[in-house]
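Reviewing the structure listed below.
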Amino acid sequence: MDGFQFEMGAANRRALKDRGCREAVEREIILAIRQSLTEKQREVVECYYNEDLSLAEIAEEKGITRQGVRDGIKRAEQQLLEMEERLGLAKRFRSVQEELTQICDHALQIEAENEKNGGDPVIRQNVESILRSAKKLTD
């Protein structure tokens, strides 16, 4: 049981460090962008980035010109850049990611020291609680 708890903490840390916060950043930025775009812009951007359709494929599907698709994507990208400059979402979330990674690293160091010194179950539970809380912040 002790080994399982330690492995679970390490797995939480890896998930948090490798993809959890990065995914949270991407989700928040995408949500913010979507709210600022028109419905038609959202559809075009989603086709281009999420469905990986070409400009010609999108143009055919939406009944607009290839140039119209390109212009819509460029306008959406410009809105994204302007929004990022105003709000600093990506910068803020990168900062949160770095801090959460530090919290997880420190929790794992505490857990390792605890194991060296006999493995107090209360400390082990608190470390796992810290790691679960950090992961919740990225979900």
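Derivation of every value follows stated rules applied to the coordinates shown; laboratory data play no part. The shown structure was predicted, so the numbers you read here are calculated from the model rather than taken from an experiment. As a convention, Cβ positions derive from the backbone with ideal geometry for all residues, glycine included, and neighbour counts pool all protein chains shown.
Before moving on, here are some points about what is shown:
- Rounded to the nearest Hz, the phi-derived 3J(HN,Hα) couplings of segment 39-44 under the Karplus curve 6.51 cos²θ - 1.76 cosθ + 1.60 (θ = phi - 60°) are 4, 5, 4, 4, 4, 5, where x marks glycine and proline.
- At R0 = 41 Å, FRET efficiency that the Cβ-Cβ distance of LYS74 and GLN102 yields, to 0.05: 0.60
- Neighbour counts of other Cβ atoms within 10 Å put CYS104, CYS47 in the fewest-to-most order CYS47, CYS104.
- Applied to segment 90-98, the Karplus parametrisation 6.51 cos²θ - 1.76 cosθ + 1.60 on θ = phi - 60° returns per-residue 3J(HN,Hα) values of 4, 4, 4, 5, 5, 5, 4, 4, 4 Hz, with x for Gly and Pro.
- Within the same chain, lysines fewer than 8 places from LYS62 are excluded, and of the rest, those with a Cα less than 18 Å from its Cα are LYS40, LYS74.
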